[in-house]
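Encoded as structure tokens, the structure appears first; notes follow it.
The values are calculated or read from the model by the stated rules, or taken from the named source; none is laboratory data. As the structure is a computational prediction, the values presented were derived from the model and not from experiment. Here Cβ is always computed from backbone atoms with ideal geometry, including for glycine, and neighbour counts include all displayed protein chains.
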Amino acid sequence: QLVESGGGLVKPGRSLTLSCAASGFRFSDFYMTWIRHVPGKGLEWLSYSDTTGDYTDYADSVRGRFTVSRDNNDNLFYLQMHSLGVDDTAIYYCARRHGFSDLWGQGTLVTVSS
Amino acid sequence: ILLTQSPDTLSLSPGESATLSCRASHIVPALSLAWYQRKPGQAVRLLIFNSSKRATGVPDRFSGSGSGTDFTLTISRLEPEDFAVYSCQQYGNKPWTFGQGTKLEFK
């Protein structure tokens with residue numbers, strides 16, 4: 001399973017780091033992805049990391065502000081978010097694989113508001 | 001690639017069949033289209049990948065079809081647990097994109 005944490009209320013311009021704890025599968029064998037759901041809108045792919053963290057890619061909407069990383073020893077996947085704006089308010093999901101995702105967490109809510 | 005799902009809401013009864021559409025603004029290469037089921041408080045569930053392949057554990061009443069720009073998810077013999085939001089996703093071209101979702105509700 002995948003369990004996200006680290007969400008909460010944050011002021012515009014601030015930073016926040018989300019974590020995703022993986023269990024029940026060989027974490028180091030899988031690419032990992034972050035996706036978010038803005039209330040009232042569809043899902044949005046944000047970023048993914050290859051199995052080692054050496055290769056990552058980002059959506060244009062977050063490139064340069066968000067950074068993904070992973071710790072294969074502790075089976076953790078991270079999303080560092082900087083310069084947050086109100087448009088970043090969403091439920092953030094980590095998911096297994098890139099392309100289509102076959103395992104999702106339940107998400108963590110990030111609210112950006114003054 | 002922009003994905004447009006229709007209808008926005010589909011009202012049906014258990015036992016009926018549901019046909020959900022996902023139309024892409026450009027050709028989705030290599031049948032790279034997936035369908036997901038979303039329920040409040042639950043993890044998103046992968047149903048279909050590569051346009052028509054059922055994910056592990058997905059009942060055979062769920063079927064996917066289509067190619068190019070037009071894709072369909074069909075749910076036959078609706079069960080009460082099937083009432084949820086369904087989203088399509090293309091992963092043939094970055095940025096990978098999702099449709100806005102179709103809500104399947106009880107009639």
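Odds and ends about this structure:
- Taken over the stretch B:30-51, the criterion of being polar (S, T, N, Q), in contact with a Leu (Cβ under 9 Å, 6 or more places away or on another chain) and surrounded by 17 or more Cβ atoms within 10 Å (Cβ to Cβ) is satisfied by B:Gln37, B:Ser51.
- The lone criterion from (1) assigned to a strand (DSSP E or B); (2) touching a Lys or Arg at 6+ places or on another chain (Cβ under 8 Å) left unmet by B:Glu105 is number (2).
- Scanning the stretch A:86-94 turns up no residue that is within 29 Å of B:Ile48 (Cβ to Cβ) and either touching a helix residue (DSSP H, G or I) at 6+ places or on another chain (Cβ under 6 Å) or free of Cβ contacts under 8 Å to residues at least 40 places away in the same chain (or both).
- In the stretch A:27-48, the condition of being surrounded by 13 or more Cβ atoms within 10 Å (Cβ to Cβ), part of a strand (DSSP E or B) and among the charged types (D, E, K, R) is met by at least one residue.
- The set of residues in the stretch A:94-106 being more than 7 Å from every other protein chain (Cβ to nearest Cβ) and modelled with pLDDT of 95 or more consists of A:Cys94, A:Ala95, A:Arg96, A:Arg97, A:Leu103.
- Any hit, the stretch B:53-74, residues being touching a Ser or Thr at 6+ places or on another chain (Cβ under 8 Å), under 18 Å from A:Gly42 (Cβ atoms) and within 11 Å of chain A (Cβ to nearest Cβ): no
- Within the stretch A:4-26, the set of residues being outside any strand (DSSP E or B) and within 13 Å of another protein chain (Cβ to nearest Cβ) comprises A:Gly24, A:Phe25.
- Answer residue from the stretch B:77-92, given it is surrounded by 15 or more Cβ atoms within 10 Å (Cβ to Cβ) and not in a strand (DSSP E or B) and is nearest to the other protein chains (Cβ to nearest Cβ) among those: B:Tyr91
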